[in-house]
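Some notes on the structure that comes next.
The values are calculated or read from the model by the stated rules, or taken from the named source; none is laboratory data. The model shown is predicted, which means the values in this text are computed figures rather than measured ones. Cβ atoms come from the backbone with ideal geometry, glycine included; neighbour counts cover every protein chain shown. Accessible surface areas use protein heavy atoms only, side chains included; no ligands, DNA or RNA. Shrake-Rupley method; radii C 1.70, N 1.55, O 1.52, S 1.80 Å.
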Amino acid sequence: MEGKNSQLQQRKDDALPRGTGNLCQWYVEHAENATLRDGEGNSWIDFAGGIAVLNTGHRHPRIVQAIADQLEKFTHTAFQVTPYESYVALAERLNRVVPIAGKAKTAFFSTGAEAVENAVKVARAATRRHGIITFGNSFHGRTFMTMAMTGKVAPYKRDFGPMPASVWHARYPNSVTGISVDDALASLQDIFTQDIAPQDVAAIVLEPIQGEGGFHVAPPEFFNRLRALADEHGILLIADEVQTGFARTGKLFAMDHYAVKPDLITMAKSLAGGMPLSAVSGRAEIMDAPGPGGLGGTYAGNPLAIASAHAVLDVIADEKLCERSAQLGAQLTDFLHSARSQCSSITDIRGLGSMIAVEFTSAQTAQTIQQQAMARGLLLLTCGPQGNVIRFLYPLTIPDAQFSQALDILSSVLSQHADS
């Protein structure tokens, strides 16, 4: 008799377009902290975290309670029609902690792509310029503007026609491929010489650690020189922290690792523990550039998501998840370095805090390891322009015993790829 997962897969193939691809051929029915369960009695340790959305784990009791409490009050009014205090209070909390110089202001949206698009809107309104510079192998979203900003064609841009104009891509520093800080800055000068004058550039947008691009960490020297270059030409610096935010890197924001501060910062994913919420924070005078009604959205700052985000910030602080992130990341990194001594297919290990990745010689090796781990009960994600990187995005609330169990599974899988 055909199993429940197989039946659901057939229904999915019949009802959904093929563009909505799936990694797993099984269907989750229940999740708790770092555990996923399907309808056939199987379970997996979740090292994907809904693609960095679940730093506080699945269904954290305090987050569930916060959402339930809000359900007893109201679920939606549209903030720009009928405002509510919880939205204002969350903005106040973020304004106090975001790595922005001086007074900050915050606006809420629903998705990471929305946050990035609105950051571009704010930057253009504030500078009265049109140009946007991002970086190769970046990922900023799936809407048309954010697709244009994303530095990868397949599968994000392929088949979707002309992208919006006034977007250019510089080179991101990458020690694996030999792109130095000097090379990256020289590519920006090439853009200024060949494509757009710096006085027409509104913003430079970058991920402090590239997510989809393979978990490459921007060197501090690069940020220092990029900040100086932006200031020289009156260009705003936007940090896309959609994936790096909320304790993932061992600090609340990845930019907390750097001496310089961005003018604007985008956030989403783990901001609201699985509820759809994103935000743009920035210097108050910049955030005030759009006129009344210029920012917003029907679901932007939904009350349930806002309540969840308040609980997320409480959990991060009370459970010391930044410290937990650094501890787990150090444990994982030590494990991977030990494994590398036996496995020459591992070519690099990198990251900050618990935003760790391991690179392999080929995409086939990374995907085989991913599949073998899943067969043993561990869910992993790949990334990188060649798909040869495995990234680790486990909940920071994962119990120690379960984390050790996951490393045992990974050790068993990697041992099959050890050198003879």
log10 I(q)/I(0) for region 305-402, Debye formula on C-alpha points only (no solvent), q = 0.13 Å⁻¹, two decimals, reads -0.53
Extend 7 Å from the Cα of residue 156 along its Cα-to-C-beta direction; within region 251-270, residues with backbone N under 18 Å of that point are 265-270
Of 274, 19, 297, the most mobile residue in a GNM of the chain (C-alpha springs, cutoff 10 Å) is 19
In whole µm²/s, the translational diffusion coefficient that Stokes-Einstein assigns to region 238-279, given a Kirkwood hydrodynamic radius over C-alpha pairs, 25 °C and 0.890 mPa s, equals 236
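When you have a sec, figure out the Kirkwood radius of the chain from all distinct Cα pair distances and drop it here in Å to one decimal? It would help to have the intermediate numbers written out before the result.
Values: mean 1/r = 0.0450 Å⁻¹.
Every distinct Cα pair counted, the radius reaches 22.2 Å.
Give, rounded to the nearest 20 debye, the magnitude of the charge dipole that the chain has about its Cα centre when Lys and Arg contribute +1 at Cβ and Asp and Glu contribute -1 at Cβ.
On the way: 34 positive and 41 negative charges, 94 e Å.
It comes to approximately 460 debye.
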Percent antiparallel among DSSP beta bridges confined to the chain, nearest 5, equals 65
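Keeping every protein chain in place, order 85, 29, 319, 207 by accessible area at 1.4 Å, biggest value first, i.e. largest first. Display every interim value, and only then the final one.
On the way: 85 135, 29 110, 319 80, 207 15 Å².
Largest accessible area first, the residues go 85, 29, 319, 207.
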Once residue 165 and residue 415 are pulled to full extension, the length gained, defined as 0.36 nm per residue separation minus their Cα-Cα distance, is 85.2 nm
The pairs in 103/269; 152/320; 12/73; 12/251 lying past 32 Å Cα-Cα in this model are 152/320; 12/73; 12/251
With x for Gly and Pro, the residue-by-residue ³J(HN,Hα) of region 389-396, computed from phi through the Karplus equation 6.51 cos²θ - 1.76 cosθ + 1.60 at θ = phi - 60° and given in whole Hz, is 10, 9, 10, 10, 9, 5, x, 6
Treating only Lys and Arg (+1) and Asp and Glu (-1) as charged, each at its beta carbon, one finds that region 287-420 has a dipole about its Cα centre, in Debye to the nearest 20, of 300
For region 1-102, listing trypsin sites (Lys or Arg not before Pro) in a DSSP loop whose Cβ sees at most 12 other Cβ atoms within 10 Å gives 18, 73
Per GNM of the chain with C-alpha springs under 10 angstrom, the most fluctuating residue out of 224, 137, 388 is 224
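In whole percent, and with a 1.4 Å probe on the protein chains, what portion of the accessible area of region 153-251 is carbon and sulfur?
On the way: 1900 of 3850 Å².
Carbon plus sulfur share of accessible area: 49 percent.
Can you check what the net charge comes to around residue 166, using other residues whose Cβ is under 10 Å from the Cβ of residue 166 (Lys, Arg +1; Asp, Glu -1)? Provide the component values of the computation, followed by the final result.
Numbers: positive: 124, 129; negative: 195, 200.
Overall, the nearby charge balance is 0.
Tell me, in nm to one decimal, what length is gained between residue 197 and residue 13 on full extension, where the rule is 0.36 nm per residue of separation less the Cα-Cα distance? Intermediate values should be presented prior to the final figure.
Values: separation 184, 0.36 × 184 = 66.24 nm, distance 4.84 nm.
My answer for the length gained is 61.4 nm.
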For residue 183, the accessible surface traced by a 1.4 Å probe with all protein chains present amounts, in square angstrom to the nearest 10, to 60
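Hey, any idea what Rg/Rh is for region 111-163, computing Rh the Kirkwood way over Cα pairs?
On the way: Rg = 11.3 Å, Rh = 11.5 Å.
When Rh is taken as the Kirkwood radius, the ratio is 0.98.
What does the charge count around residue 400 come to, taking other residues whose C-beta lies under 15 Å from its C-beta (Lys +1, Arg +1, Asp -1, Glu -1)? Let's see the in-between values first.
On the way: positive: 320, 324; negative: 319, 323, 334, 408.
Charge balance in the 15 Å sphere: -2.
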For region 246-331, the dipole about the Cα centre with charges only on Cβ (Lys and Arg +1, Asp and Glu -1), to the nearest 20 debye, works out at 220
Cross-link reach from residue 105 to lysines, straight Cα distance under 18 Å and at least 8 residues apart if same chain, gives 121, 261
Per-residue ellipticity at 222 nm attributable to helices in the chain (runs of n ≥ 4 DSSP H, -39500 (n - 2.57) apiece, nearest 500 deg cm²/dmol) works out to -12000 deg cm²/dmol
Taking 383, 24 and ranking on accessible area (1.4 Å, protein atoms only), highest first, one gets 24, 383
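Tell me, what does the Kirkwood hydrodynamic radius of region 45-151 come to in angstroms if you use every pair of distinct C-alpha atoms?
Details: mean 1/r = 0.0588 Å⁻¹.
By the Kirkwood definition, the hydrodynamic radius is 17.0 Å.
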